[in-house]
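Where a number appears in this text, it was derived from the coordinates with a stated rule and is not lab data. None of the values given here were measured: they were computed from a predicted structure. Glycine also receives a Cβ, built like all others from the backbone with ideal geometry; neighbour counts cover every protein chain displayed.
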Amino acid sequence: MAVADILEKEGLGHRRPSHLATATFPVRLDVADRASIDAMVEQVAATAGRIDVLVTMRPYSTWRRFLEITEESYDKQFAINVKGLLSRCRRWRREW
């Protein structure tokens, strides 16, 4: 089981359910960067052989009143939460 995070060391802090015998390993992933997505898929394929299930969690947001949201903040949220998700799913589908 690969655990991806923008800070690879953060992936080390995950907890593997005790009923899973599968070894786990951290992988660096910036979901807003297609090159990082490609590298993650290649690293997982090299280490584990393939990705059977892709789980996407940990969305990004900034809490502000609606009219106080800046364009920069909106663009970052969209890049991570929507475009990043689409890019990961497309890359995963291409691989398998």
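What ranking do 45-57, 76-88, 28-40 get when scored by the average of other Cβ atoms within 10 Å per residue, highest first?
Working: 45-57: 10.5, 76-88: 15.4, 28-40: 17.4.
Listed from highest to lowest mean packing, they are 28-40, 76-88, 45-57.
How many nm separate the modelled label positions at Ala46 and Cys89, each set 7 Å beyond the Cα in the direction of the Cβ?
2.8
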